[in-house]
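**Student:** Take a look at the following structure, please.
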Amino acid sequence: MLVSLALLLLGALAAVVTPRLIARAEWPEREPVVALWVWQCVVAAVLLSFGLSMTFSAAAAWQAVRGQVFAPAPHAVVEAYALAAYGPWSAVIAVLLALGGLWTGAMLTREIRRTRLRRRQRRAELLVRSPLMPGEEPGSGRLVVLEGERPDAWWLPGAAPQLVITTAALGRLKGRQLDAVLAHEQGHARARHDWLLHCSAALATGFPQVPVFAAFRDEMHRLVELAADDVASRRFGRLTIALALVELNEDRGVFGPCPTPDAQLPLRVNRLLSPLERLTAGRRLRLTAAAALVPVIPLLVAFVPGLSALG
């Protein structure tokens, strides 16, 4: 049972330690796109560790599963894993991890259904507030202007994505600020940030006590905004997008002394106005490559005994 337990401990260790290590680092704020990639690789490694642990535990517990997993493997490879000596706990571990996998799938399915429902509701509300003109096709325009006293702008994803903006926002945004807001929201759409937010929300909702999933959700909400800010700032300048954020949100009290649900906004504006120097291209490449190797670790733990037997 050594391989199965090693994979289980590896996943648990990564789930507990990794969020603390990344929280201490300063570079994610400077390179949010790289940080998004690192988080995805870490979560993939955790899930892969638990999935492989479940597979080996099930193979040790039930001959039928063992026959499927090791069907093409030589006898020496099967002997290298010493599955017969795993003991009765292998079945318990396999069942618990399988239940966790089913729960993860259920949470993802629920999140997808909720997202589709919310999207349909928002599009229905949009048609009520901004009805189609005669001859106009639904979703034919990428920009929709709504009458409203509150300055707001958001991207509505889907098969026909649209940028929705209120008349109050149009009245406040000056010069290229509107273009910067559009570039910000298009940055979300091109990178499919909505999928990252949905997956992280599903994992955090399904396993609220697992530190890596809770941190994954919180960091996705923060990092996707920083990444979209950078997309807009590269085209229109940091000052332009910073002023646009202030114009859209200054009436909501987010820049006051009391904490609000949008407490990240002042930090985003400060980051735009006082930018930190980016990492060098070489360091970005090294971080990206190192993150890509993280999911390989559980694969090595799983396959080293078999490869050693073949060698």
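The values are calculated or read from the model by the stated rules, or taken from the named source; none is laboratory data. Small disclaimer: the values here were computed from a predicted structure and weren't measured. When we count neighbours, we look across all protein chains shown, and the Cβ atoms used for this are built from the backbone with ideal geometry, even at glycine. Areas reflect the complete protein model, heavy atoms only, side chains present, ligands, DNA and RNA absent. Shrake-Rupley method; radii C 1.70, N 1.55, O 1.52, S 1.80 Å.
**Student:** Give, as a single signed number, the net charge of other residues whose beta carbon lies under 15 Å from the beta carbon of residue 108, with Lys and Arg counted +1 and Asp and Glu -1.
**Tutor:** +3
**Student:** A further question on this structure: For the stretch 268-311 and the stretch 100-119, what is the separation of their Cα centres, given in Å?
**Tutor:** Computed from Cα coordinates, the inter-centre distance equals 28 Å.
**Student:** May I ask you to give the solvent-accessible area per residue for the stretch 173-289, in square angstrom, as obtained with a 1.4 angstrom probe?
**Tutor:** Per-residue value: 52 Å².
**Student:** R0 = 51 Å: FRET efficiency of residue 270 with residue 89, Cβ-based, nearest 0.05?
**Tutor:** 0.45
**Student:** Pull up the DSSP beta bridges for the chain and report the antiparallel fraction as a percent, rounded to 5.
**Tutor:** In the chain, approximately 50 percent of DSSP beta bridges are antiparallel ones.
**Student:** If the chain between residue 143 and residue 286 were fully stretched, how many nm would it gain, using 0.36 nm times the residue separation less the Cα-Cα distance?
**Tutor:** 47.5 nm
**Student:** GNM, the chain, Cα, under 10 Å: largest mean-square fluctuation among 180, 189, 25?
**Tutor:** Among 180, 189, 25, the largest GNM mean-square fluctuation belongs to 25.
**Student:** Hey, in the GNM for the chain with a 10 angstrom Cα cutoff, which one of 23, 153, 14 fluctuates hardest?
**Tutor:** 23
**Student:** Distance in nm between label sites at residue 24 and residue 252, each 7 Å beyond Cα in the beta-carbon direction?
**Tutor:** It is 3.4 nm.
**Student:** With a 1.4 Å probe and all protein chains left in place, how much accessible area per residue does the stretch 1-137 have, in Å²?
**Tutor:** Value for the stretch 1-137: 59 Å² per residue.
**Student:** Now for a different question. Could you tell me how far the Cα centroid of the stretch 181-212 sits from the Cα centroid of the stretch 14-42, in Å?
**Tutor:** 15
**Student:** Follow-up. Express the carbon and sulfur contribution to the solvent-accessible surface of the stretch 91-227 as a percent, rounded to the nearest whole number, probe 1.4 angstrom.
**Tutor:** On the way: 4560 of 7630 Å².
Carbon-and-sulfur percentage of accessible area, whole number: 60.
**Student:** Given a 1.4 Å probe and the protein chains all in place, what does the accessible area of residue 218 round to, in Å² to the nearest 10?
**Tutor:** 80
**Student:** Could you grab the relative contact order for the chain? Cα pairs under 8 Å, six or more apart, rounded to a whole percent.
**Tutor:** 26
**Student:** Could you check the simple spin-label distance between residue 112 and residue 170, using points 7 Å along Cα→Cβ, in nm with one decimal?
**Tutor:** Here the modelled spin labels are 3.8 nm apart.
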